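Below is one structure; the comments refer to it alone.
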Amino acid sequence: MQKIIILDFGSQTTQLIGRRIRELNTFCEILPYNKYPEDDHDVIGVILSGSPLSVYQDDAFHIDLSGIRGRLPILGICYGAQLISHMYGGKVESAGTREYGRQNLQYIDRKNPLFKDFDEHSQVWMSHGDSITRLPEGATCIASTETVANAAYCIPGEHPIFGTQFHPEVFHTLQGTLLLRNFVVDVCGSKQEWSADAFVETTVKELREQIGNDRVILGLSGGVDSSVVAVLLHRAIGSRLTCIFVDHGMLRKNEFRDVMRDYEGLGLNVTGVDASDKFLSDLAGIKDPEQKRKIIGRDFVEVFNAEAKKITDAKWLAQGTIYPDRIESLNITGKVIKSHHNVGGLPKEMHLQLCEPIKWLFKDEVRRVGRSLGMPEHLITRHPFPGPGLAVRILGDITREKIRILQEADAIYINNLREAGLYDEIWQAGAILLSEVRSVGVMGDERTYENPIALRAVTSSDAMTADFAHIPYEVLAKISNEIINKVKGVNRVCYDISSKPPSTIEWE
Ligand code: XMP
């Protein structure tokens with residue numbers, strides 16, 4: 001499949017470039033700046049991202065473009081544009097002050113293919129401390145602003161090179177998507193074939209080739225990512241896929257039962273393992289959040305592996321890793337800075353190979369693929385839920401009684417969000433039991449001294465940043481009344497109005 005490669009020099013907006021290009025129905029991969037693939041037969045163009053560094057710094061990131069230049073079109077954005085200048089006879093100097101914000105183009109060469117259909121004084125977004133004071137050899141200036149003489153340049157040729165000092169990927173560059181379209185479609189020749197249906201078709205074909213007649217094991221969590229992987233694999237290899245769904249006892253109310261039913265309805269071959277006794281006894285008395293996570297992680301691997309080993313002829317372990325999981329895990333030098341949640345300990349003695357068919361997808365693309373596969377809507381739109389489940393939503397140690405209280409409160413909360421038509425607007429919602437805090441209340445004529453429940457709901461696009469959801473007071477009031485009246489052990493309800501950062505989505 002045709003693809004654009006984005007080489008990442010560490011800018012915060014690199015992911016956005018990827019998103020914009022996918023929105024143009026063109027497949028793209030974001031790779032660390034020094035990891036250009038050896039085999040690039042399906043690459044149609046290359047984009048160099050921005051960076052927090054300066055090209056003339058000693059520790060700046062440099063690459064060798066000689067294998068790409070003249071063979072494929074290149075677009076350098078900000079640092080990318082400066083790097084090309086620096087490499088090919090231009091000059092980059094400190095601008096003295098950092099230029100940050102909106103500007104309007106004063107000059108624009110609208111005959112240049114990059115600016116096809118552009119408005120005359122189109123608004124662009126700058127964020128840079130360096131300027132290109134001399135263009136690279138063979139380049140002509142194709143756009144300027146009042147303060148930035150070389151806001152964009154072009155080195156013409158069969159496979160041209162472009163550089164823009166501004167960021168086309170950000171919202172405030174009003175015609176940024178048009179610029180990227182001009183590059184990706186007109187210059188690089190994208191056929192814009194990337195769609196959920198096309199993804200399903202090619203992935204199923206590739207999975208059949210990759211897996212042959214082997215057997216695959218997949219851990220299901222009830223979430224959309226692993227469920228989509230299950231259905232894709234099921235379509236590719238049918239009953240040679242065995243799914244394992246572990247109940248650690250800290251799922252939502254009735255979730256294990258309901259999700260098992262869904263999976264069976266999809267024709268999947270699923271083994272459900274109720275390991276709640278083991279998890280809860282190992283967690284008894286543990287209050288520290290990181291220790292809880294460690295115990296759950298360890299127990300999960302143990303239970304999963306014991307089950308997986310029963311499938312003696314399995315050759316592959318499939319996982320629902322998605323793109324943001326991997327981006328979080330890599331820094332620009334390609335070193336792992338945070339191991340993502342999906343990488344558990346594989347049963348080493350089984351020598352399983354990893355199969356991660358949706359590792360290039362963003363969350364909304366996973367959902368589109370789910371729809372294309374005909375999965376039920378409630379599985380597709382389900383909010384993300386942390387692997388350790390309610391364990392990180394019970395502040396303090398975990399008991400069956402506390403889980404029951406939280407499950408009841410959480411179910412009331414989520415049902416009300418659904419009834420109010422708010423569930424799908426919210427990225428993630430859940431109740432938290434502040435089991436170490438007690439406050440006084442009055443019920444009927446009696447004094448109560450019980451725990452509060454905190455409600456959390458956030459809007460987000462990737463869980464990296466989040467704002468609290470602005471749920472109407474009437475809906476919050478109804479939820480609060482219902483929880484306090486129906487859930488014994490709770491006499492107060494609070495709504496969490498913090499954003500991420502500085503807070504996190506989960507309380508632990
Ligand atoms: P935070 O709390 O870090 O959460 O803002 C970001 C996203 O990650 C989920 N999360 C987890 N998922 N294991 C998981 O599988 C975990 O230990 C874990 N901690 C947080 C959280 O629900 C949110 O979607």
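The values are calculated or read from the model by the stated rules, or taken from the named source; none is laboratory data. Please read these numbers as outputs of a predicted model, since none were measured by experiment. Virtual Cβ from ideal backbone geometry, glycine too; neighbours counted across all protein chains shown.
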Residue among LEU390, LEU406, LEU417 that alone is within 21 Å of PHE300 (Cβ to Cβ), more than 12 Å from the ligand (Cβ to nearest atom) and touching a residue at least 40 places away in the same chain (Cβ under 8 Å): LEU406
Which of (1) buried (at least 17 other Cβ atoms within 10 Å of the Cβ); (2) assigned to a helix (DSSP H, G or I); (3) touching a strand residue (DSSP E or B) at 6+ places or on another chain (Cβ under 9 Å) is the odd one out, the single condition LEU379 does not satisfy? (3)
Please state which one of SER190, SER195, SER239 is among the small types (Gly, Ala, Ser) and without any contact (Cβ under 8 Å) to a residue 40 or more places away in the chain. SER239
Can you pull out the residues in the range 105-122 that are of a type in the set (D, E, K, R) and touching a residue at least 24 places away in the same chain (Cβ under 8 Å)? ASP109, LYS116, ASP117, ASP119
Just to be sure I understand, how many residues within the range 88-103 are assigned to a loop (DSSP other than H, G, I, E, B) and among the small types (Gly, Ala, Ser)? 2
Please state which one of GLU401, GLU446 is modelled with pLDDT under 95 and more than 16 Å from the ligand (Cβ to nearest atom). GLU446
When the range 477-508 is examined, which residues are found to be under 21 Å from LEU395 (Cβ atoms), surrounded by fewer than 17 Cβ atoms within 10 Å (Cβ to Cβ) and modelled with pLDDT of 95 or more? LYS488, CYS494, TYR495, ASP496, ILE497, SER498, GLU506
Within the range 61-87, take every residue that is assigned to a strand (DSSP E or B) and not β-branched (Val, Ile, Thr) and give me the one that is surrounded by the fewest Cβ atoms within 10 Å (Cβ to Cβ). GLY76
Answer with yes or no whether PHE279 is in contact with a helix residue (DSSP H, G or I) (Cβ under 7 Å, 6 or more places away or on another chain) and outside any loop (DSSP other than H, G, I, E, B). yes
Considering each residue of the range 122-135, count those that are farther than 14 Å from GLU93 by Cβ and in a loop (DSSP other than H, G, I, E, B), and give that number. 1
Apart from one, (1) part of a loop (DSSP other than H, G, I, E, B); (2) in contact with a Ser or Thr (Cβ under 6 Å, 6 or more places away or on another chain) all hold for SER498; the odd one out is (2)
Name the pairs whose Cβ atoms lie under 8 Å apart, with the first residue in the range 479-508 and touching a residue at least 12 places away in the same chain (Cβ under 8 Å) and within 15 Å of ASN416 (Cα to Cα), the second part of a helix (DSSP H, G or I) and polar (S, T, N, Q), and 6 or more positions between them or separate chains? ILE479/ASN416; GLU482/ASN416; VAL493/SER480
Within the range 1-60, which residues are under 26 Å from GLY90 (Cα atoms), part of a loop (DSSP other than H, G, I, E, B) and among the aliphatic types (A, V, I, L, M)? LEU53, VAL55, ALA60
Out of the residues in the range 467-496 that are of a type in the set (A, V, I, L, M) and within 20 Å of LEU390 (Cα to Cα), which is farthest from the ligand (Cβ to nearest atom)? ILE484
Among the candidates PHE162, PHE171, single out the residue that is part of a strand (DSSP E or B) and away from the ligand (no atom under 16 Å from the Cβ). PHE162
Within the range 212-249, work out how many residues are within 18 Å of the chain's Cα centre (by Cα) and surrounded by fewer than 19 Cβ atoms within 10 Å (Cβ to Cβ). 1
